[in-house]
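This report concerns only the one structure given below.
The values are calculated or read from the model by the stated rules, or taken from the named source; none is laboratory data. Everything numeric in this text was worked out from a predicted model, so none of it was measured. Heads up, the Cβs are rebuilt from the backbone with ideal geometry, glycines too, and the neighbour counts pull from every protein chain shown.
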Amino acid sequence: MPLRSDWSADHCPISRSLEVLGDPWVLVVLRETLLGLRRYDQLRDRLAIADNVLSRRLRDMVEAGLLERRPYRDGGRARHEYVPTQAAEDALPVLHSLVLWGEKHTVPPVDGGHLALVCEACGAESDTADTCSGCGARLRPAAVSWRRPWLTPASTLVVGAGTSAEAG
């Protein structure tokens, strides 16, 4: 028995959006690919996710137009990396909204830290999801950094830059 109905043809755009983005694994895979992790092994290791779950989510995300599969060579072996599409980049404010909501309405772990959305244009921490609350610049992948101090001291990631201080 399915957990829910197929909402892909629903009149409500919230339902249609949830059809694509409503799985928690999709959101965390999206987070990591926007932060620059592109390869299967990187994603599996960072997320501590089972191979069958990750394979299924990546396939679904490619089919939904969130990721594009691109071949690369690893030694003599052909592999694929997963690159965020424009649809994935357009979901960045959704992820930012979840960050802001979680910071306000959930209790962090005892050793937790504050995830800061930092505008690359002015250096201010934004308290809004799509535009910098300091200078008004649009928070696109190349224009925003995420500071996640619980991973490494003073770690900063430029969303969409393709590399990060935390990659691995």
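Among the residues in the stretch 88-104, are any at pLDDT 95 or above, in contact with a strand residue (DSSP E or B) (Cβ under 8 Å, 6 or more places away or on another chain) and in a loop (DSSP other than H, G, I, E, B)? No, the stretch 88-104 contains no residue that is at pLDDT 95 or above, in contact with a strand residue (DSSP E or B) (Cβ under 8 Å, 6 or more places away or on another chain) and in a loop (DSSP other than H, G, I, E, B). Annotation: of all residues in the stretch 82-105 being surrounded by 12 or more Cβ atoms within 10 Å (Cβ to Cβ), more than 17 Å from GLY22 (Cβ to Cβ) and charged (D, E, K, R), the one that is farthest from the chain's Cα centre (by Cα) is GLU103.
Starting from residues that are among the basic types (Lys, Arg) and part of a helix (DSSP H, G or I), keep the ones in the stretch 1-43 and report whichever is nearest to THR85 (Cα to Cα). Give the derivation first.
If we filter the stretch 1-43 for residues that are among the basic types (Lys, Arg), which is where we start, we get 4, 16, 31, 38-39.
Remaining after also requiring part of a helix (DSSP H, G or I): 16, 31.
Numbers: ARG16: 18, ARG31: 13 Å.
Restricting to residues being among the basic types (Lys, Arg) and part of a helix (DSSP H, G or I), the top hit is ARG31.
For residues in the stretch 22-31 being modelled with pLDDT under 95 and surrounded by 15 or more Cβ atoms within 10 Å (Cβ to Cβ), which is farthest from the chain's Cα centre (by Cα)? The qualifying residue farthest from the chain's Cα centre (by Cα) is ASP23.
Among the conditions (1) surrounded by fewer than 16 Cβ atoms within 10 Å (Cβ to Cβ); (2) without any contact (Cβ under 8 Å) to a residue 40 or more places away in the chain; (3) acidic (Asp, Glu); (4) within 17 Å of VAL29 (Cβ to Cβ), ASP45 misses just one, which is (2).
If you go through the stretch 67-94 and keep only what is among the aliphatic types (A, V, I, L, M) and either without any contact (Cβ under 8 Å) to a residue 12 or more places away in the chain or touching a Phe, Trp or Tyr at 6+ places or on another chain (Cβ under 9 Å) (or both), you end up with LEU67, ALA78.
I'd like to know if the stretch 106-118 contains one or more residues that are among the acidic types (Asp, Glu), surrounded by 14 or more Cβ atoms within 10 Å (Cβ to Cβ) and out of contact with any Gly (no Cβ under 8 Å at 6 or more places or on another chain).
no
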